[in-house]
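Q: I have a structure I would like to understand better, so I am pasting it below and will then ask my questions one at a time.
The values are calculated or read from the model by the stated rules, or taken from the named source; none is laboratory data. Because the structure is a prediction, the values reported are computed rather than measured. Methodologically, a virtual Cβ is constructed for each residue, glycine included, from the backbone with ideal geometry; neighbour enumeration extends over all protein chains shown. Surface accessibility is based on the protein's heavy atoms, side chains included, excluding ligands, DNA and RNA. Shrake-Rupley method; radii C 1.70, N 1.55, O 1.52, S 1.80 Å.
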Amino acid sequence: MGDKVSIVQCADYSKSKEYVSRTIELIGGLSTIISEGDRVLLKPNVLAACRPEEAVTTHPSIVSAVCELVAECGGVPVIGDAAGMIHQGATAEAFRVSGIEKVAKDCGAELVNFQTGGYVEVDVPDALQFPRIFVSKAVLDADVIISLPKLKTHELTYYTGAVKNMFGALPLRTRKEMHLLAERGLFGESVVDLYSVVKPHLALMDGVVGMEGNGPSHGTPVNTGVIIASYDCVSLDVVASQLIGFEPLVVPTTKAALERGFGVISPEIVGLSLDSVKMRYKPSEGSIISRSPPAITRLFGRYFTIHPHIDTSKCTRCGACAMNCSVHAIEKVDGKFRVDAKKCILCYCCRELCPADAVDIEKSLLARIITRK
């Protein structure tokens with residue numbers, strides 16, 4: 001059954017291969033999707049140059065385990081991604097710091113930087129937002145795609161998982177264009193436009209140590225102790241979001257995917273029961289804010305204000321916030337960066353990609369009271 005989702009307990013990363021293998025076997029094994037000589041692309045989450053213990057990127061031991069298992073099935077493992085930062089060498093640095101560069105070397109796997117590997121424009125049938133889209137050539141050249149997401153909260157999409165993980169297959173310019181849609185539902189539809197043309201054959205989620213709070217890059221690591229797998233990314237996302245206390249249909253990428261006919265809202269779960277591993281992740285500030293009723297904003301106007309604010313005491317003046325702002329709402333004034341609240345679309349890319357964690361959310365008194373509730 002393609003939408004079957006397996007959950008296996010894994011207390012730490014010391015026996016990753018054993019538990020990864022068990023998780024995949026519960027849904028049918030790798031041999032059902034890999035043939036001898038297949039070029040198998042492993043797509044981890046390599047958002048930024050962060051150490052494995054920071055829980056921002058897919059843990060290298062999980063990537064290593066899947067590499068070894070792919071090779072044992074006769075496949076040729078290839079690891080690829082592109083960091084979210086806009087500066088030369090960002091992806092190479094992220095591969096190195098995350099430990100994934102070493103995994104590729106140790107496993108003899110090719111390591112592909114999507115940003116330098118080239119992109120190909122493809123048609124998107126029945127697209128809702130992007131009828132044509134550029135996708136990493138390495139992704140399109142693969143015989144088999146395996147998504148290796150990290151279990152994390154997200155400022156814009158509440159939760160980020162297997163479907164959103166394919167966002168890294170896009171050039172940075174297209175990612176900016178999607179953020180420019182400035183509305184979560186439309187953003188979810190655009191990500192699913194991509195997913196519709198590059199659906200992974202397997203998703204395996206690193207939930208051993210996840211991230212709660214201000215994910216996907218500045219939240220708090222939390223021991224969750226699970227590995228989750230499915231041949232269907234959407235079904236995996238449904239289960240994983242429930243596992244951390246989120247309603248699946250609140251997640252814009254999941255909602256858009258289900259509406260397009262991908263995945264199921266009630267997949268079969270094998271291995272551990274969902275109730276036995278459920279916990280409640282603290283959501284990101286951005287997701288709490290976005291759920292504030294629109295009527296409040298209309299009623300209280302200037303008394304209810306929320307926007308990113310740069311903490312100059314933490315800011316290193318690297319310019320990452322300004323370079324990654326889709327609407328150019330961040331400018332440098334007297335040597336310091338500041339956010340123009342009138343231009344800001346609350347996509348939170350500045351927070352997500354700030355290496356110094358110097359972007360806070362500034363709220364009026366009324367906004368603090370309401371969002372706290």
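Q: What number of residues within segment 263-293 are modelled with pLDDT of 95 or more, open to solvent by 40 Å² or more (accessible area, probe 1.4 Å) and in a loop (DSSP other than H, G, I, E, B)? I'd like the intermediate steps shown before the answer.
A: Initially, segment 263-293 is screened for residues modelled with pLDDT of 95 or more, giving 263-282.
Those left that are additionally open to solvent by 40 Å² or more (accessible area, probe 1.4 Å): 264-266, 268-269, 271-273, 275-276, 278-280, 282.
So of that shortlist, the ones also in a loop (DSSP other than H, G, I, E, B) come out as 264-266, 268, 272-273, 278-280, 282.
Summing the residues that are modelled with pLDDT of 95 or more, open to solvent by 40 Å² or more (accessible area, probe 1.4 Å) and in a loop (DSSP other than H, G, I, E, B) in segment 263-293 gives 10.
Q: Output the residue which, of all residues in segment 4-19 that are out of contact with any Pro (no Cβ under 8 Å at 6 or more places or on another chain), of a type in the set (D, E, K, R) and over 19 Å from E54 (Cβ atoms), is most open to solvent (accessible area, probe 1.4 Å).
A: Taking the candidates together, the pick is K15.
Q: Which of the residues spanning segment 226-236 are open to solvent by less than 10 Å² (accessible area, probe 1.4 Å) and of a type outside the set (S, T, Y)? Walk me through it before giving the result.
A: So the first thing to find is which residues in segment 226-236 are open to solvent by less than 10 Å² (accessible area, probe 1.4 Å), and the list is 226-230, 233-236.
Once the filter is applied, which keeps residues that are open to solvent by less than 10 Å² (accessible area, probe 1.4 Å) and of a type outside the set (S, T, Y), segment 226-236 yields V226, I227, I228, A229, C233, V234, L236.
Q: Taking only pairs six or more apart or across chains, which ones have beta-carbon atoms under 8 Å, a first residue in segment 90-109 that is at pLDDT 95 or above, and a second residue that is open to solvent by 70 Å² or more (accessible area, probe 1.4 Å) and polar (S, T, N, Q)?
A: Taking only residues 6 or more apart or on different chains, the pairs are T91/T116.
Q: When both residues are 6+ apart or on different chains and their Cβ atoms are under 6 Å apart, which pairs have a first residue that lies in segment 63-89 and is on the phi > 0 side of the Ramachandran plot, and a second that is open to solvent by 20 Å² or more (accessible area, probe 1.4 Å)?
A: Taking only residues 6 or more apart or on different chains, the pairs are G74/E36.
Q: Let me ask you something else. Looking only at segment 294-345, which residues are at pLDDT 85 or above and among the β-branched types (V, I, T)?
A: The answer is I310, T312, T316, V327, I330, V333, V339.
Q: Do you know which residues across segment 195-218 are touching a Ser or Thr at 6+ places or on another chain (Cβ under 6 Å), assigned to a loop (DSSP other than H, G, I, E, B) and surrounded by fewer than 24 Cβ atoms within 10 Å (Cβ to Cβ)?
A: Within segment 195-218, G213 is the sole residue that qualifies.
Q: OK, next. Among V192, V144, V135, which is open to solvent by less than 10 Å² (accessible area, probe 1.4 Å), touching an Asp or Glu at 6+ places or on another chain (Cβ under 9 Å), closer than 25 Å to L243 by Cβ and at pLDDT 95 or above? Don't jump to the end; show me each part of the working.
A: Numbers: V144 fails: closer than 25 Å to L243 by Cβ; V135 fails: closer than 25 Å to L243 by Cβ.
The conditions single out V192.
Q: Is one or more of the residues making up segment 220-238 over 23 Å from P308 (Cβ atoms) and free of Cβ contacts under 8 Å to residues at least 12 places away in the same chain?
A: Among the residues of segment 220-238, not one is over 23 Å from P308 (Cβ atoms) and free of Cβ contacts under 8 Å to residues at least 12 places away in the same chain, which makes the answer no.
Q: Which condition number in (1) in contact with a strand residue (DSSP E or B) (Cβ under 8 Å, 6 or more places away or on another chain); (2) surrounded by fewer than 21 Cβ atoms within 10 Å (Cβ to Cβ); (3) farther than 17 Å from Y13 by Cα is the one that E54 fails?
A: Only one criterion in (1) in contact with a strand residue (DSSP E or B) (Cβ under 8 Å, 6 or more places away or on another chain); (2) surrounded by fewer than 21 Cβ atoms within 10 Å (Cβ to Cβ); (3) farther than 17 Å from Y13 by Cα is unmet by E54, namely (3).
Q: What are the residue pairs meeting all of these: first residue in segment 340-354, first residue crowded, with 24+ Cβ neighbours inside 10 Å and of a type in the set (F, W, Y), second residue modelled with pLDDT of 85 or more and not in a loop (DSSP other than H, G, I, E, B), Cβ atoms under 8 Å, and 6 or more apart or on different chains?
A: Y348/P308
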